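K.L.:
One structure is given below, represented as structure tokens, and several questions about it will come after.
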Amino acid sequence: MPSMLDAVVVGAGPNGLTAAVELARRGFSVALFEARDTVGGGARTEELTLPGFRHDPCSAAHPLAVNSPAFRELPLDRYGLEWLHPGIPMAHPFPDGTAAVLSRSVGETAASFGPRDAGAYRRLVEPFLPKWDTLVRDFMSLPLTALPRDPVTLARFGLVGLPPSTWLTRRFRDERARTLFAGLVAHVMAPLNGLATGAVGLVFALAAHARGWPVARGGSQAISDALAAYLKDLGGAVHTDYEVKRLDDLPPARAYVFDTSPTALARIAGFGGHYANYRYGPGVFKIDYALDGPVPWTAPEARAAGTVQIGADSGEIGVALRAASREGRAPDAPFLITVQPGVADPTRAPAGRHVFWAYGHVPNGWTGDLTDAMERQLERYAPGFRDRVLARATAGPPELAARNANYVGGDIATGAVSGLQLLLRPKLSAFPYQTPHPAVFICSSATPPGPGVHGMSGHNAAKAVWRRLRQT
Ligand SMILES: Cc1cc2nc3c(=O)[nH]c(=O)nc-3n(C[C@H](O)[C@H](O)[C@H](O)COP(=O)(O)OP(=O)(O)OC[C@H]3O[C@@H](n4cnc5c(N)ncnc54)[C@H](O)[C@@H]3O)c2cc1C
């Protein structure tokens with residue numbers, strides 16, 4: 001290791017790894033320090049239940065990763081990353097046994113909403129699809145994008161997406177499309193009537209049509225392992241089992257980049273109350289299952305989908321989100337996001353068996369057990385589900401926060417995705433990756449574009465770092 005490194009990165013989640021790779025690619029000397037014994041953060045894979053069952057404890061479905069401008073520029077396939085696509089990216093079954101789908105095809109998706117809303121859906125998404133690659137780059141680079149590549153499309157997207165999702169869904173006449181969209185917004189735990197939540201739903205829908213919602217062959221760990229292997233090939237050093245508690249724990253460097261929560265960064269770097277106004281959102285209760293067969297969904301579409309959303313209608317989803325985020329109680333009928341990677345990837349479990357995960361929203365720091373409420377929901381749409389369970393591993397907010405310090409109180413978005421904090425995080429600033437110290441930067445999902453495995457916060461932060469390194 002040189003006596004003075006160009007950059008030290010703390011935290012090997014997708015954003016920390018991407019920041020380190022981006023700097024190493026540009027010839028800077030980089031070392032990365034991770035608290036856990038393996039890299040990955042929210043993109044990892046572990047045998048959580050029984051031997052041979054490879055679970056993703058955090059992310060499993062990857063619409064944001066496969067569409068990420070940062071990842072698409074990196075040779076991750078050469079380091080073993082392979083995307084596997086389920087027949088249908090996402091399905092939303094209803095109590096009557098039918099389902100709406102988010103398919104690769106706009107036509108199939110529109111048809112699943114019923115004749116009264118098919119045209120409205122086409123009119124919503126079709127103008128953006130030919131310009132998607134430029135739009136996603138402009139959108140995910142905000143607010144660094146002083147000069148968007150396509151300002152007209154970005155402005156049109158802003159007009160549709162900046163109002164609350166409840167405004168956007170007014171263009172639908174029936175509940176099927178409204179419910180599917182409400183579920184999409186709930187992926188980032190945002191309130192349905194919050195600012196810019198229309199954009200959240202729209203990004204997930206456009207991502208499905210553009211490149212799908214794949215899983216990584218072998219598990220999400222493959223994403224992190226590919227990034228770490230590329231980093232090492234570029235000369236970067238990776239140190240695991242190394243929790244950073246103070247800046248003094250780190251070797252001398254010209255820049256320090258933190259893939260941590262703002263609260264942890266303030267503590268480590270001595271920034272006092274700099275991020276005191278940063279808000280954390282609701283937590284989640286997560287269950288990883290080992291099953292002795294596929295989930296017995298009633299709706300055939302759900303059996304073919306990688307991701308399945310569970311919520312009877314947009315009203316029920318809104319009630320569940322409000323209970324967890326505003327009323328401080330666990331919902332009676334939780335909205336569930338579920339992923340069944342085995343639909344596309346046979347390597348996750350012994351022959352004929354499956355891994356499956358589901359999570360529901362609960363208040364930040366909640367210490368109860370949501371298993372029974374979640375399984376009652378699952379049984380509504382997949383009768384006989386409980387009979388297929390071989391083993392389950394549950395994790396509520398305390399367990400999630402213990403596994404990864406970024407999930408403060410079980411908030412897997414590392415900060416509430418509501419109000420201005422959806423777009424402007426961790427502070428109101430045109431330079432969100434900078435901190436009170438000119439050599440210290442933050443790159444976690446507490447910065448734009450926010451939660452998800454896409455590496456764009458790391459990419460954007462690295463840009464701010466290399467600009468500074470070249471100046472000094
Ligand atoms: C249950 C669950 C399901 C999810 N599902 C999806 C999904 O399907 N698709 C999707 O795109 N996203 C999903 N996410 C969200 C996604 O995982 C995160 O948004 C993403 O991982 C954030 O990346 P990051 O690099 O900012 O932080 P993280 O991935 O959280 O990584 C931060 C890393 O920093 C390390 N660290 C923290 N503090 C220190 C310290 N002091 N010293 C050293 N190391 C430290 C941590 O150990 C961790 O490895 C899910 C998350 C969870 C928990």
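The values are calculated or read from the model by the stated rules, or taken from the named source; none is laboratory data. Because the structure is a prediction, the values reported are computed rather than measured. Counting neighbours? That spans all protein chains shown, and the Cβs are built from the backbone with ideal geometry, glycine included.
K.L.:
Starting from residues that are over 22 Å from Tyr407 (Cβ atoms) and surrounded by fewer than 24 Cβ atoms within 10 Å (Cβ to Cβ), keep the ones in segment 441-471 and report whichever is farthest from the chain's Cα centre (by Cα).
P.N.:
Out of the qualifying residues, it is Gln471.
K.L.:
If you don't mind, there's one more thing I want to ask. What number goes with the only condition from (1) in a loop (DSSP other than H, G, I, E, B); (2) within 16 Å of the ligand (Cβ to nearest atom); (3) modelled with pLDDT under 95; (4) not hydroxyl-bearing (Ser, Thr, Tyr) that Ala413 does not pass?
P.N.:
(3)
K.L.:
With of a type outside the set (D, E, K, R), closer than 19 Å to Gly11 by Cα and in contact (Cβ under 8 Å) with a residue 60 or more places away in the chain as the only criterion, which of Ala255, Ala290 stands out?
P.N.:
Values: Ala290 fails: closer than 19 Å to Gly11 by Cα.
Criteria check complete, one pass: Ala255.
K.L.:
Would a scan of segment 178-197 turn up a residue that is among the polar types (S, T, N, Q), within 24 Å of Tyr359 (Cβ to Cβ) and under 17 Å from the mean Cα position of the chain (by Cα)? Break it down into steps so the answer makes sense when it comes.
P.N.:
Initial filter on segment 178-197 (among the polar types (S, T, N, Q)): 179, 193, 197.
Those left that are additionally within 24 Å of Tyr359 (Cβ to Cβ): 179, 193, 197.
Right, trim to under 17 Å from the mean Cα position of the chain (by Cα) and you get 197.
Yes, there is a match, as at least one residue in segment 178-197 is among the polar types (S, T, N, Q), within 24 Å of Tyr359 (Cβ to Cβ) and under 17 Å from the mean Cα position of the chain (by Cα).
K.L.:
If the requirement is being within 15 Å of the ligand (Cβ to nearest atom) and either part of a loop (DSSP other than H, G, I, E, B) or closer than 30 Å to Asn364 by Cβ (or both), which of these qualifies: Leu265, Leu231? Working first, answer last.
P.N.:
On the way: Leu231 fails: either part of a loop (DSSP other than H, G, I, E, B) or closer than 30 Å to Asn364 by Cβ (or both).
Of Leu265, Leu231, the one residue that is within 15 Å of the ligand (Cβ to nearest atom) and either part of a loop (DSSP other than H, G, I, E, B) or closer than 30 Å to Asn364 by Cβ (or both) is Leu265.
K.L.:
Among the residues of segment 188-197, are any in contact (Cβ under 8 Å) with a residue 12 or more places away in the chain and in contact with a Phe, Trp or Tyr (Cβ under 8 Å, 6 or more places away or on another chain)? It would help to see each step written out before you state the result.
P.N.:
Kept after step one, since they are in contact (Cβ under 8 Å) with a residue 12 or more places away in the chain, are these residues of segment 188-197: 188-197.
From what is left, the residues that are in contact with a Phe, Trp or Tyr (Cβ under 8 Å, 6 or more places away or on another chain) are none.
Checking segment 188-197: not a single residue is in contact (Cβ under 8 Å) with a residue 12 or more places away in the chain and in contact with a Phe, Trp or Tyr (Cβ under 8 Å, 6 or more places away or on another chain).
K.L.:
For segment 63-80, state whether one or more residues are closer than 26 Å to Thr298 by Cα and at pLDDT 95 or above. Show your work before the answer.
P.N.:
First, the residues of segment 63-80 that are closer than 26 Å to Thr298 by Cα: 63.
Filter again for at pLDDT 95 or above, leaving 63.
Yes, the conditions are met somewhere in segment 63-80.
K.L.:
Let me ask you something else. Within segment 434-472, can you find the residues that are away from the ligand (no atom under 12 Å from the Cβ) and not in a helix (DSSP H, G or I)?
P.N.:
Listed by number, the residues that qualify are Gln434, Thr435, Pro436, His437, Pro438, Ala439, Val440, Phe441, Thr472.
K.L.:
Picking from Arg303, Arg348, Arg403, which residue would you name as being of a type in the set (D, E, K, R), closer than 30 Å to Asp241 by Cβ and surrounded by 19 or more Cβ atoms within 10 Å (Cβ to Cβ)? Spell out the reasoning first.
P.N.:
Values: Arg303 fails: closer than 30 Å to Asp241 by Cβ; Arg403 fails: surrounded by 19 or more Cβ atoms within 10 Å (Cβ to Cβ).
Answer to the check: Arg348.
K.L.:
With modelled with pLDDT under 95 and of a type in the set (Phe, Trp, Tyr) as the only criterion, which of Phe113, Phe139, Phe128 stands out? Even if it seems obvious, please write down each step before you answer.
P.N.:
On the way: Phe113 fails: modelled with pLDDT under 95; Phe128 fails: modelled with pLDDT under 95.
Only one candidate passes the filter, namely Phe139.
K.L.:
Could you list, in sequence order, all residues of segment 1-59 that are near the ligand (Cβ under 8 Å from one of its atoms) and on the phi > 0 side of the Ramachandran plot?
P.N.:
Gly11, Gly40, Gly41
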